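Take a look at the structure set out below.
The values are calculated or read from the model by the stated rules, or taken from the named source; none is laboratory data. This structure is a prediction, so every number in the text was calculated from the model and none was measured. A quick note on method: Cβ atoms are made from the backbone with ideal geometry, for glycine too, and the neighbour counts reach across all protein chains shown.
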2 protein chains.
Amino acid sequence: MSARNLFLSPLFILILNSTSAQEIGNLRLGKTNLHLFLDGYGRPNYEVSFNGKAVIEASHLGMVLAEDENLDKNFEVIGTRKNSFDQNWQPVWGEVKNIRNHYEELTVRLRQKQSGNLLNIIFRVFEDGVGFRYEFPLQPGLKYFVVKDEVTQFHMGGDHKTFWIPADYDTNEYPYTTSRLSEVDNTELVKKSTDIAVRVAPDPNGVQTPLMMKTNDGLYINIHEAALVNYPAMQLHVDRNNFILTSTLVPDPVGSKAFLHAPALTPWRTIIVSDNAADILASKMILNLNEPTTLKNTSWIKPTKFVGVWWEMQTEKATWSYSDFPDSTDAHGNLIPNHRHGANTQNVKRYIDFAAKNNIGAVLVEGWNTGWEDWFGKWKEDVFDFVTPYPDFDIKEISSYAKSKGVKMIMHNETSGSATNYERQMDTAFRLMNKFGYTSVKTGYVGKIIPRGEYHDGQWMVRHYERAAKKALQYHVMIDMHEPVRPTGLQRTYPNWLACEAARGNEYNAFSEFGNKPEHETILPFTRLMGGPMDYTPGIFKLRGYSKVAGRQVQTTLAKQLALYVTLYSPIQMAADLPENYEGHMDAFQFIKDVPVDWDDTKILEAEPGDYLTIARKEKGKGNWFLGAITDENSRKTKISLGFLDRGKKYRARIYADGDNADLHNNPESYKITERTVSSIDELDLNLVAGGGAAVSFMEIK
Amino acid sequence: MSARNLFLSPLFILILNSTSAQEIGNLRLGKTNLHLFLDGYGRPNYEVSFNGKAVIEASHLGMVLAEDENLDKNFEVIGTRKNSFDQNWQPVWGEVKNIRNHYEELTVRLRQKQSGNLLNIIFRVFEDGVGFRYEFPLQPGLKYFVVKDEVTQFHMGGDHKTFWIPADYDTNEYPYTTSRLSEVDNTELVKKSTDIAVRVAPDPNGVQTPLMMKTNDGLYINIHEAALVNYPAMQLHVDRNNFILTSTLVPDPVGSKAFLHAPALTPWRTIIVSDNAADILASKMILNLNEPTTLKNTSWIKPTKFVGVWWEMQTEKATWSYSDFPDSTDAHGNLIPNHRHGANTQNVKRYIDFAAKNNIGAVLVEGWNTGWEDWFGKWKEDVFDFVTPYPDFDIKEISSYAKSKGVKMIMHNETSGSATNYERQMDTAFRLMNKFGYTSVKTGYVGKIIPRGEYHDGQWMVRHYERAAKKALQYHVMIDMHEPVRPTGLQRTYPNWLACEAARGNEYNAFSEFGNKPEHETILPFTRLMGGPMDYTPGIFKLRGYSKVAGRQVQTTLAKQLALYVTLYSPIQMAADLPENYEGHMDAFQFIKDVPVDWDDTKILEAEPGDYLTIARKEKGKGNWFLGAITDENSRKTKISLGFLDRGKKYRARIYADGDNADLHNNPESYKITERTVSSIDELDLNLVAGGGAAVSFMEIK
């Protein structure tokens, strides 16, 4: 072996590292411990353990910038700063009334030896994990700069079980795969997911966050990010041999990742950990790492349930478009109606009537505005103007009718991915909402993004979504975004940003070949929902026979559809089925009428990602509790202690369970409703069929 | 020779072509003849001749679309339609009062045999050349589609002399090269043009249009385009062996060229031809190929001269920025002034006073708004907000002062290339102009374009410039764009779009190493100005000693600077030098005071691209004439017949000529002014030194 070979050998590097590594320090809160050091190359490294068990083994941190201004090695520590924090705060809406934000903070100030460039890394250790972010302080050598790559690593140190979707630049609408880290390969899944409008997943070993993992020794670990602002989404490349996850940032059209201006902060990288799956769901770390809202008046922000002219288009009973062909016009140049247009005044009034009668606060109408005849594909920039109704949609009449019935209207702004067009029309669109009293908007980004070459999850679009949320805020409109980047807790900062889709919603049961597997809803809370509420659109009652495609069905029982209102938290929840499909089952619909969308308290009673989930929540400002229990493709019997109920109080429990002869494939719509009077010392036996669930309302008896 | 080789031999193709080629027809007007046929592959071909001389030899036409929907061969002619047109129209402003639009039109309707797809090509034959465009009619097989390439060829058939700049996607700010077609190679020129902010010129044999050529047998040929709307700019690839020019379209970030929706029209491809160089400049074909304006009230559109706080920044006497460093702030977070900021209230008032005193209608102020401390580079999106003045620029005070003096203010909106940011702020920006009575705006696009990956001359930006012009129109604001795509006659459609830069302006004499060569202004009218007016910013009187760089000078005499007001037509003309540099030469400045910016008539008296140019123009609505004569690096004596003057009238001619001892390098500021009474039967001897010129005002004696 020559001297040259020796220099390059792993052994030599190991020696070099071990001889010149430099301790930075430890930070601990509860069972969580963080250890920081510089390795022999001057690279910042961190390690995380929980209750003595390794969570993250020594992993590099750093940045690669354009123009050779790399910030990934040759650092020296020029200072550290510690801070302890423990405060309670109250969200405008949410799963709980009070949130405790308790952490130990350590800011490590680094200077690169040659360049003199400065980089800070801010660590916060919580009882349930660790968050850290990079800070580029004001400095002479670094003003405006371009991030080429972020080298943040998560060295998992074991071949964990993981629940993942492909690292796609444009979408999160995949089914989850459960596999070992060593088995992560998204190639086939991406190839066959032709139901997804736009897919760009260049890394076969790339996965999205929130990434949920479970170790062989029983630790649950979730990796995501918080406060994604002015930066691209972080995805993770899986080194399948060494179990090292490395951040990969969604690029822009020229391959750059982020354009920043010092002083600048990256989003927080979050590692939530527990030996109990329920604690992962109960974690408020991501919310805590976001900035509080600066909004003074939040009285106009009101969580709501809604119905909508929507599922009838998903199931092809009606059309979004007014005409079947864009060029189908009469002698006067007017579109010739296809007479299957869902968003017509009469039909909308039917939904308004249903909502008014059944304690549903709002009505969404899709397909109300011109442009749907040829809205998708071919990367078109100027499809919609967001203000021109079809001739059979009388916006004035509908708005005043809704108002007379005490029902709010939800605006729909589908952009077909053309963000540039939406940005040009946004003020006009929001002025229309204000004029006609629309208090919420559902936006959509189905299609390839314009600016062309940008991706849904790149920095430019991340900034666009924030601009849309701010614009909505300026006009006092609540916003629910479909097909945006997945959320990262920004609802704390923008409480009018009620929900996002950003995952595979219930609609895939309508139009995709395989729908959503029974386990899907047991994984979502551990993955997508870690960042924020999802507009999943539950509540389908007609679980078979809604599609022209033979054999297609929603892969849950009816009782499980009810349970989802509790297990999938959102301040804006749709009762997604058609009024006529509810009308034969108004006894079951009673649960949807009763279940609130805002809570004072939440108890995760049972949880195992991919298997089952039982959650109890207490209605905001009231004494009632609601429970949802769901299972995957396996049936499940469970005995639930009602110890979460307020001690000493009595409740009328109404139990919506799978019917005795319920069967996922042959009889999914079978349910039975029973009633009992209970208190906190009671127990409840639940019997879930495969793909089934149970929903319970506990109405306080005064 | 095997059968296979025979099949591929040119001889065989020739036979195939000649046997199965199909005549389409001839179209003739005056000396111009157009011949059309389908070749043996079903490819549309055209030939142009002028006075019996070949202008364009048989050249292919066609389109290559994405998704294999090519429209370049296997066509059959399914119909033709002829149309004759001869009308006069009056531009809102311009070089002449009346414009004759006289052409023969032939629409060739093509159908592709296999696909059934339809493509029309519309030809117009004028006395001075040919225009043609592609039309995608409404058809079942082609709705929204993507243009991958346009195969339009111009087979020049000879190694013509040509005046060219590199086919750059982002800029036209190059000096012209005069060479044979066979010598076109832009590699070195692009490499050394480091004074240009952004350069992307991937084709070493690519050139921009308008491309000016001269054949060995004395024909002058100009190739450009008209009505560039919703399409990228056309550049030309030069096949140096066969003298075939092929259109190359500026791409978008993903390599596509144009996103279109049938029915759709491409811009016109224009071939202007004459045996007389003057006729090229007199041609109105490009204007005629643009759509008339639909604007009813044009009374607010007023050509104007202006001075401005601008040259003092170009020459580094003052700064655009208020502070020298973006982070240079005091304890209150306010910028610390550098005390060299040009756009301060007092200095602006000095310009207003000078304008008011000297018949200059308007004052431009650059650097009035915050953001200039770090405005350029690093592809920053949100530099300017277009509405916030620096603390020393009292916009209210300045506006009312200008109003009291009868002077209009010209707004400045530099975008630094961030079109997305400008589009978001545009309404706010124009509202500010309306509020403070700014009737014009100068926009700028110095820097790499955002949306990132788009180019200045791609379809997205072409649409942006049109949006900006329309937005300005909506607010009754005139617009002058710097660093946009080069113009194509759209000032006919948008008469508020007064001028563009889109070429190497006078400013290069301030900041570039080599400035503009004396021939530069003799080429511009034959190239860049064929598409529309240029804001060249002439009128520099202090031709040396303005720069800190030793030896730098404007490469003209002072008299030539005056002549440029006539030879470089624009409805918005700057007197670009500083008031103090004019004040010692108010006798020469008299010409700038007198010369108008709008004309009833124009006579191109002498012209040779690259050598010399003499133009006479008659003032709009008045009896006065003005003449400009310029030369290149060679001195020139000429005798001008004044036969252009109105017969029977007498004029006081004031002749601003190079001084007897004027010398381009040693004494460029030397001029002499003489006066004579003349009429149309007189002649005028002009004596131009190398790099010199002469300007003459003929004021009607009543």
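With a requirement of 3 or more residues that are buried (at least 19 other Cβ atoms within 10 Å of the Cβ), the strands (runs of 3 or more DSSP E) lying completely within the stretch A:121-191 that satisfy it span A:129-136, A:144-150, A:153-155, A:161-164.
For the stretch B:454-477, the set of residues classified as away from every other protein chain (no Cβ under 14 Å) and within 17 Å of the chain's Cα centre (by Cα) consists of B:His456, B:Asp457, B:Tyr465, B:Ala469, listed by residue number. Residue count for the stretch B:331-349, restricted to those that are touching a residue at least 12 places away in the same chain (Cβ under 8 Å) and either of a type in the set (Phe, Trp, Tyr) or within 14 Å of another protein chain (Cβ to nearest Cβ) (or both): 0. Among all residues of the stretch B:478-501, there is none that is part of a helix (DSSP H, G or I) and modelled with pLDDT of 95 or more. All of (1) closer than 23 Å to B:Thr677 by Cβ; (2) surrounded by fewer than 21 Cβ atoms within 10 Å (Cβ to Cβ) hold for B:Ala616 with one exception: (2). Scanning the stretch B:392-402 for residues that are in contact (Cβ under 8 Å) with a residue 40 or more places away in the chain and loosely packed, with under 14 Cβ neighbours inside 10 Å returns B:Lys396, B:Glu397. In the set (1) within 30 Å of A:Ser418 (Cβ to Cβ); (2) assigned to a helix (DSSP H, G or I), the condition left unmet by B:Asp279 is number (1). Answer with yes or no whether B:Val229 is among the aliphatic types (A, V, I, L, M) and part of a strand (DSSP E or B). It is false that B:Val229 is among the aliphatic types (A, V, I, L, M) and part of a strand (DSSP E or B).
Within the stretch A:663-674, not a single residue is among the small types (Gly, Ala, Ser) and farther than 19 Å from A:Pro538 by Cα. Among the strands (runs of 3 or more DSSP E) confined to the stretch B:11-84, the ones with at least 3 residues that are at pLDDT 95 or above and of a type in the set (A, V, I, L, M, F, W, C) are located at B:22-29, B:32-38, B:53-60. Against the conditions (1) surrounded by fewer than 24 Cβ atoms within 10 Å (Cβ to Cβ); (2) outside any loop (DSSP other than H, G, I, E, B); (3) in contact (Cβ under 8 Å) with a residue 24 or more places away in the chain, A:Met213 satisfies every one except (1). Exactly one residue out of B:Thr443, B:Thr488, B:Thr537, B:Thr557 is in contact with a strand residue (DSSP E or B) (Cβ under 6 Å, 6 or more places away or on another chain), without any contact (Cβ under 8 Å) to a residue 60 or more places away in the chain and β-branched (Val, Ile, Thr): that is B:Thr443.
Would you say B:Lys143 is within 14 Å of chain A (Cβ to nearest Cβ) and of a type outside the set (Phe, Trp, Tyr)? Taking the combined requirement at face value, the residue satisfies it. Within the stretch B:381-391, count every residue that is touching a Phe, Trp or Tyr at 6+ places or on another chain (Cβ under 6 Å), modelled with pLDDT of 95 or more and either within 14 Å of chain A (Cβ to nearest Cβ) or surrounded by fewer than 21 Cβ atoms within 10 Å (Cβ to Cβ) (or both). So the count comes out to 1. For the stretch A:311-330, the set of residues classified as in a helix (DSSP H, G or I) and either among the polar types (S, T, N, Q) or within 13 Å of another protein chain (Cβ to nearest Cβ) (or both) consists of A:Gln314 only. Name the single residue, out of those in the stretch B:407-437 being more than 23 Å from B:Ala576 (Cβ to Cβ), more than 13 Å from chain A (Cβ to nearest Cβ) and assigned to a helix (DSSP H, G or I), that is farthest from the chain's Cα centre (by Cα). For the stretch B:407-437, the residue satisfying everything is B:Lys435. The residue list A:Leu138, A:Leu106 contains one member that is under 29 Å from A:Gly40 (Cβ atoms) and either under 26 Å from the mean Cα position of the chain (by Cα) or aliphatic (A, V, I, L, M) (or both), which is A:Leu106.
For the stretch A:350-365, filtered to residues that are touching a residue at least 60 places away in the same chain (Cβ under 8 Å) and surrounded by 21 or more Cβ atoms within 10 Å (Cβ to Cβ), the residue that is farthest from the other protein chains (Cβ to nearest Cβ) is A:Ile360.
In the set (1) farther than 24 Å from B:Arg486 by Cβ; (2) within 14 Å of chain A (Cβ to nearest Cβ); (3) hydroxyl-bearing (Ser, Thr, Tyr), the condition left unmet by B:Tyr169 is number (1).
Please tell me if A:Lys284 is of a type outside the set (Val, Ile, Thr) and more than 18 Å from the chain's Cα centre (by Cα). No, not satisfied. Here B:Pro232, B:Pro267 are screened, and the one residue that is within 14 Å of chain A (Cβ to nearest Cβ), crowded, with 24+ Cβ neighbours inside 10 Å and in contact with a strand residue (DSSP E or B) (Cβ under 9 Å, 6 or more places away or on another chain) is B:Pro232. Only a single item in (1) within 25 Å of the chain's Cα centre (by Cα); (2) surrounded by fewer than 23 Cβ atoms within 10 Å (Cβ to Cβ) is not met by B:Asp327, and it is number (1). For the stretch A:55-66, the condition of being touching a His at 6+ places or on another chain (Cβ under 9 Å) and over 28 Å from A:Leu29 (Cα atoms) holds for none of the residues. Residues that are β-branched (Val, Ile, Thr) and either farther than 20 Å from A:Arg467 by Cβ or touching a residue at least 60 places away in the same chain (Cβ under 8 Å) (or both) within the stretch A:403-426 comprise A:Val407, A:Ile410, listed in sequence order. For the stretch A:341-378, the set of residues classified as at pLDDT below 95 and touching a Lys or Arg at 6+ places or on another chain (Cβ under 9 Å) consists of A:Asn359, A:Asp374, A:Gly377, A:Lys378, listed by residue number. Those residues that are within 14 Å of chain A (Cβ to nearest Cβ) and either closer than 12 Å to B:Phe384 by Cβ or not hydrophobic (A, V, I, L, M, F, W, C) (or both), I need them from the stretch B:438-452; list them, please. B:Gly447, B:Lys448, B:Pro451, B:Arg452 - these are the residues of the stretch B:438-452 that are within 14 Å of chain A (Cβ to nearest Cβ) and either closer than 12 Å to B:Phe384 by Cβ or not hydrophobic (A, V, I, L, M, F, W, C) (or both).
Being in a strand (DSSP E or B) and either modelled with pLDDT under 95 or β-branched (Val, Ile, Thr) (or both), is that true of even one residue in the stretch B:683-691? Scanning the stretch B:683-691 turns up no residue that is in a strand (DSSP E or B) and either modelled with pLDDT under 95 or β-branched (Val, Ile, Thr) (or both).
In the set B:Ile673, B:Ile615, B:Ile640, only one residue is part of a strand (DSSP E or B) and out of contact with any helix residue (DSSP H, G or I) (no Cβ under 8 Å at 6 or more places or on another chain); that residue is B:Ile640.
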